[in-house]
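The values are calculated or read from the model by the stated rules, or taken from the named source; none is laboratory data. None of the values given here were measured: they were computed from a predicted structure.
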Amino acid sequence: MPRGRQGEVEAGQAIDKITAGPEGVTVAEIEALLYLPGRPRDTLTRALRIPALSPGWKRSLQQLLEHGADNAAATAA
């Protein structure tokens, strides 16, 4: 697939980062917020401001923020 085009990615194809998101939160950081203990409230807040974040992840992160960042992992829907 030519660089810069949207579409499906198959095993072995390269993925290049072309821009950073507005809040500078990585996918790995989002996963850590959802599934690991010790969630920083400021990172939860920044993550919730990401327009491209899926509605399910936003719901889960909002629940974590409202019910205490150190609760058990939320279930992303």
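Please verify whether the stretch 10-18 includes one or more residues that are at pLDDT 90 or above and on the phi > 0 side of the Ramachandran plot. Spell out the reasoning first.
From the stretch 10-18, those at pLDDT 90 or above are 11-12; that's our starting set.
If we keep only those that are on the phi > 0 side of the Ramachandran plot too, we end up with 12.
So far as the stretch 10-18 goes, yes, one or more of its residues are at pLDDT 90 or above and on the phi > 0 side of the Ramachandran plot.
Could you tell me whether the stretch 56-75 includes any residue that is at pLDDT 90 or above, among the aliphatic types (A, V, I, L, M) and within 10 Å of the chain's Cα centre (by Cα)?
yes
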